[in-house]
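Novice: Below is the structure I would like to discuss, written out as structure tokens.
Read-outs throughout are calculated quantities, based only on the coordinates presented, and are distinct from any laboratory measurement. Only a predicted model underlies this, so the values are computations on that prediction, with no experimental measurement involved.
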């Protein structure tokens, strides 16, 4: 199993161009990791059931594995991710003629609880943006990167891979390579543009003490490209400093970008393009709206709601 899995990972990296994050998840979901408690990898489960051949894992074995995960308290979203990894692996086996038939081709996915994405209010965004210390080069950098995520809805992986030559500061356009190496152009507003220009002029040069930065837009104090993990740590640090009582992470800022765009009246397909979603259904999870926006739309659209002010006036005159 390990040998076939290694070939599968090479295929994902070479032909599908998946991210290291995806490789890590697939490794955990398929091979497993018993160091953190109960074994939850699919291969581990097959060994527990004394199943030594991949073609012996039919849909009944898969259902038993999913039930096993559920009994271990694994979240439905994690179970769905593991199932997706298993299906992808078996499609590869069938594609390479390593199996006569894909035994999991018609397996059924568990129903997931639909959860609305959490997001920050505009007031919370302002507090977060004001948290970095602009008297330091790191503060200038951090203000610029938070402004940019909120202004453009970038994934954190896209953010850290940005180079200076990806930025057109005059048109405020950014050339981005997203999932599957798909290229798209995203936009940024004046606030983000000003923050980045300030960082490039007064912050980044002071961080280039030991290295030239290799053209990376966001670098650390050693001149190396910032990592995804470091951006996550920084965003959480500033959220705590700003007194925001939420689990704030870079992807939450992406949620916030999409929510605020749609609340402001942006077309769903435009937001889909800016986020780099392949399917419109992925973008539709952001079509929840705030209560304030819902009230505003209701009062302006419903014929009886428009008369609300007149009803109030009548009440006053009848008193």
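Novice: Report the full-extension gain for the segment residue 27 to residue 183: residue separation times 0.36 nm, less the Cα-Cα distance, to one decimal in nm.
Specialist: 53.5 nm
Novice: At 10 °C and a viscosity of 1.306 mPa s, what translational diffusion coefficient does Stokes-Einstein give for the chain, taking Rh as the Kirkwood radius over Cα pairs? Give it in µm²/s as a whole number.
Specialist: Value of D from the Cα-based Kirkwood radius: 69 µm²/s.
Novice: Same structure again: Give, to the nearest whole percent, the P(r) tail of the stretch 122-292 beyond 21 angstrom, counting all Cα pairs.
Specialist: Result: 46 percent of Cα pairs exceed 21 Å.
Novice: Something else now. Work out how much length residue 304 to residue 168 would gain on full extension: take 0.36 nm times their residue separation and subtract the Cα-Cα distance, in nm to one decimal.
Specialist: Result for the pair: 44.1 nm of gain on full extension.
Novice: How long is the stretch 2-95 along each principal axis, judged by its Cα atoms, biggest number first, in Å?
Specialist: Sorted from largest, the Cα extents of the stretch 2-95 read 36, 26, 22 Å.
Novice: Can you tell me the orientation of helix 291-301 relative to the chain, as the angle in degrees between its alpha-carbon axis and the longest Cα principal axis, to the nearest 10?
Specialist: 60
Novice: Compute the helix-to-body angle for 2-11: its Cα long axis versus the longest principal axis of the chain, expressed 0 to 90° and rounded to tens.
Specialist: 40
Novice: Using 10 Å bins from zero, what percent of all Cα-Cα pairs in the stretch 154-199 falls into each bin?
Specialist: 26, 59, 15, 0
Novice: Tell me what the chain gives for mean residue ellipticity at 222 nm when only DSSP H runs of n ≥ 4 count, each as -39,500 (n - 2.57), the sum divided by the residue total, rounded to 500 deg cm²/dmol.
Specialist: Mean residue ellipticity, 222 nm, calculated: -15500 deg cm²/dmol.
Novice: Moving on to the next point. On the Cα set of the stretch 85-194, report Rg and Dmax in Å, please.
Specialist: Expressed in Å, the Cα Rg and Dmax of the stretch 85-194 come to 20.9, 65.
Novice: Then there is this: Angle check, please: helix 308-318 long axis (alpha carbons) against the longest principal axis of the chain (alpha carbons), in degrees 0 to 90, nearest 10.
Specialist: 50
Novice: Quote the convex hull volume per residue of the stretch 154-254, based on C-alpha atoms, as a whole number of Å³.
Specialist: Output value, Cα hull per residue: 114 Å³.
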